[in-house]
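The structure appears below as structure tokens.
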Amino acid sequence: MRSEIDQERREIPGFALPEPDRSRLELIGRTRAELAETLRKMGEPERTRAMRVRQIWHWLYHRGAADVAKMTTLPADLRARLAHSCAIMRPGMVAHQRSTDGTRKWLLRVAPGQEVEAVHIPEADRGALCISTQVGCSLTCSFCHTGTMPLVANLRAEQILGQILVARDQLGAWPTPQGARLLSHIVVMGMGEPLLNYEATFKALRIAMDPDGLAFPARRITLSTSGVVPKIEACGRELGVGLAISLHAVRDELRDQLVPINRKWNIAQLLDACRRYPAADRITFEYVMLDGVNDTDADARELVRLIRGIPAKVNLIPFNPWPGAPYACSSPERIRAFAAIVVRAGYASPVRTPRGRDILAACGQLKTASERLRPSQRPGRAAA
Ligand code: SAH
Ligand code: SF4
């Protein structure tokens with residue numbers, strides 16, 4: 001209910017942000033080697049360059065500095081040169097909602113006219129941040145709200161990292177060790193298909209994993225994919241993060257409809273890639289429970305038959321409805337019966353408790369507010 005929602009709508013001044021100044025170099029999202037190269041171009045001598053990179057890295061990702069002037073361990077002249085030619089990415093915050101269960105959703109502007117959502121899910125002794133990798137999605141899974149949006153843009157590494165940095169700012173979770181409990185896990189399950197934007201996603205996650213900075217260990221990161229088979233192996237080899245597979249159906253004919261990327265890489269090819277995944281014990285199969293569509297006992301039995309031999313978890317997700325969705329969630333009894341078959345086959349099969357439902361922050365409901373409005377209602381569009 002709307003009245004239950006503690007909603008803050010904080011428009012940043014002027015809905016349309018000025019075009020970012022491309023002459024200024026973004027420091028967030030660059031590798032250490034790229035930062036060293038920037039310093040070289042700025043005339044920093046070779047003997048001090050590596051130390052300066054270490055210091056800047058520490059300020060950016062350990063202390064959360066959003067302003068070069070705060071980097072007080074750097075010599076004043078270097079600070080002045082950096083302030084003149086460099087920028088430190090923070091997405092603009094367009095809106096902030098807090099659910100009755102503590103879940104927070106931030107609508108973030110990563111570029112003019114481009115917004116994504118990030119969701120923070122707190123628990124007693126940990127907190128997960130669900131981040132986006134694309135504005136919209138090029139895929140059209142029929143039960144997913146984001147899937148009704150066109151793909152507007154692939155996020156760059158700094159825009160992906162920017163979501164983590166804003167969350168840390170908002171949670172007061174800097175420097176890193178103190179903040180680690182509030183924001184301990186990253187799930188790449190927001191808007192978009194990460195493996196269709198893998199270069200920027202992998203780069204951002206590598207930076208997030210760096211022990212001298214944000215320091216998320218690979219075991220605290222999970223990347224969810226609808227099944228971009230050719231990129232699954234690289235995800236394991238290069239990152240070693242946990243993998244969540246959006247399976248949702250056990251027959252190709254049905255999965256072709258629910259998760260259309262199945263027409264390109266079918267269930268057998270997807271499971272084959274899972275069997276070869278270097279961190280196969282870190283795979284979760286996600287299965288959205290759709291009433292009368294994919295939720296029979298026979299489906300459950302076929303599910304356990306298909307994934308036999310993979311030391312995976314199964315995650316049953318009650319379908320989260322969104323306005324106009326063509327599905328309903330399976331009944332609690334049906335979900336229990338389905339789960340019982342999976343559990344009997346030896347899989348721990350937690351049914352995911354939806355979080356943040358009252359603010360449309362649950363899995364697969366993310367779609368930016370500006371997209372939800374009719375075009376004529378969108379800020380800035382009327383004049384266009
Ligand atoms: N594109 C990636 C990651 C984002 S979607 C992927 O598809 O895996 C994150 C998870 O939410 C996926 O498992 C997706 O299938 C699921 N999901 C999408 N819409 C949903 C809905 N309405 N209810 C429940 N889960 C949903
Ligand atoms: Fe895209 Fe994932 Fe939604 Fe499918 S479920 S439309 S891949 S975001």
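Out of the residues in the range 256-299 that are in a strand (DSSP E or B) and among the aliphatic types (A, V, I, L, M), state the one that is nearest to the chain's Cα centre (by Cα). Result: Ile283. Would you pick out the residues in the range 225-272 that are touching a helix residue (DSSP H, G or I) at 6+ places or on another chain (Cβ under 7 Å), within 12 Å of ligand 2 (Cβ to nearest atom) and of a type outside the set (Lys, Arg)? Result: Thr225, Ser226, Gly227, Val228, Ile245, His248, Asn262.
Note on the range 224-239: residues that are within 15 Å of ligand 1 (Cβ to nearest atom) and in a helix (DSSP H, G or I) total 4. For the range 240-272, a residue qualifies if it is closer than 13 Å to Phe143 by Cα and either within 13 Å of ligand 1 (Cβ to nearest atom) or aliphatic (A, V, I, L, M) (or both), and the qualifying residues are Ser246, Leu247, His248, Ala249, Leu254, Arg255, Leu258, Val259, Pro260.
In the range 72-95, is there at least one residue being touching a residue at least 24 places away in the same chain (Cβ under 8 Å) and acidic (Asp, Glu)?
So far as the range 72-95 goes, no, none of its residues is touching a residue at least 24 places away in the same chain (Cβ under 8 Å) and acidic (Asp, Glu).
Going by the conditions given, is Ala111 in contact (Cβ under 8 Å) with a residue 24 or more places away in the chain and away from ligand 2 (no atom under 11 Å from the Cβ)? Against the criterion (in contact (Cβ under 8 Å) with a residue 24 or more places away in the chain and away from ligand 2 (no atom under 11 Å from the Cβ)), Ala111 qualifies. Among the residues of the range 321-355, those that are hydroxyl-bearing (Ser, Thr, Tyr), at pLDDT below 95 and surrounded by 14 or more Cβ atoms within 10 Å (Cβ to Cβ) comprise Tyr347, Ser349.
Just one of the listed residues (Gln170, Gln163, Gln159) is away from ligand 1 (no atom under 13 Å from the Cβ), assigned by TED's automatic domain parsing to the domain that holds Gly113 and surrounded by fewer than 21 Cβ atoms within 10 Å (Cβ to Cβ), namely Gln170.
Residue count for the range 273-306 under the criterion of being in contact with a helix residue (DSSP H, G or I) (Cβ under 7 Å, 6 or more places away or on another chain) and among the β-branched types (Val, Ile, Thr): the result is 2.
Give the residue that is nearest to Arg206 (Cα to Cα), with candidates limited to residues of the range 67-81 that are surrounded by 16 or more Cβ atoms within 10 Å (Cβ to Cβ) and out of contact with any strand residue (DSSP E or B) (no Cβ under 9 Å at 6 or more places or on another chain). Filtering the range 67-81 for residues that are surrounded by 16 or more Cβ atoms within 10 Å (Cβ to Cβ) and out of contact with any strand residue (DSSP E or B) (no Cβ under 9 Å at 6 or more places or on another chain), the one nearest to Arg206 (Cα to Cα) comes out as Met71. The lone criterion from (1) under 13 Å from the mean Cα position of the chain (by Cα); (2) within 11 Å of ligand 2 (Cβ to nearest atom); (3) surrounded by fewer than 23 Cβ atoms within 10 Å (Cβ to Cβ) left unmet by Thr148 is number (1).
Of Ile335, Ile317, Ile341, all but one fail to be assigned by TED's automatic domain parsing to the domain that holds Asp281, part of a helix (DSSP H, G or I) and within 14 Å of ligand 1 (Cβ to nearest atom); the exception is Ile335. Just one residue in the set Gly136, Gly147, Gly162, Gly127 is small (Gly, Ala, Ser), in contact with a Pro (Cβ under 6 Å, 6 or more places away or on another chain) and closer than 26 Å to Val288 by Cα; that residue is Gly136. On inspection, Pro278 passes the criterion of being in contact (Cβ under 8 Å) with a residue 24 or more places away in the chain and either more than 15 Å from ligand 2 (Cβ to nearest atom) or closer than 30 Å to Leu165 by Cα (or both).
For (1) in the same structural domain as Arg206 (by TED's automatic domain parsing); (2) of a type in the set (Asp, Glu); (3) modelled with pLDDT of 95 or more, each residue gets a yes or a no:
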{"residue": "Arg2", "(1), (2), (3)": "no, no, no"}
{"residue": "Asp6", "(1), (2), (3)": "no, yes, no"}
{"residue": "Ile12", "(1), (2), (3)": "no, no, no"}
{"residue": "Pro20", "(1), (2), (3)": "no, no, no"}
{"residue": "Val53", "(1), (2), (3)": "no, no, yes"}
{"residue": "Trp57", "(1), (2), (3)": "no, no, yes"}
{"residue": "Ala65", "(1), (2), (3)": "no, no, yes"}
{"residue": "Ala69", "(1), (2), (3)": "no, no, no"}
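Could you go through the range 211-221 and let me know if any residue there is within 30 Å of Cys329 (Cα to Cα), surrounded by fewer than 22 Cβ atoms within 10 Å (Cβ to Cβ) and at pLDDT below 95. Checked against the condition, which is being within 30 Å of Cys329 (Cα to Cα), surrounded by fewer than 22 Cβ atoms within 10 Å (Cβ to Cβ) and at pLDDT below 95, the range 211-221 yields no hits at all.
The values are calculated or read from the model by the stated rules, or taken from the named source; none is laboratory data. Here the structure is a predicted model, which is why all the values come from computation and not from measurement. Counting neighbours? That spans all protein chains shown, and the Cβs are built from the backbone with ideal geometry, glycine included.
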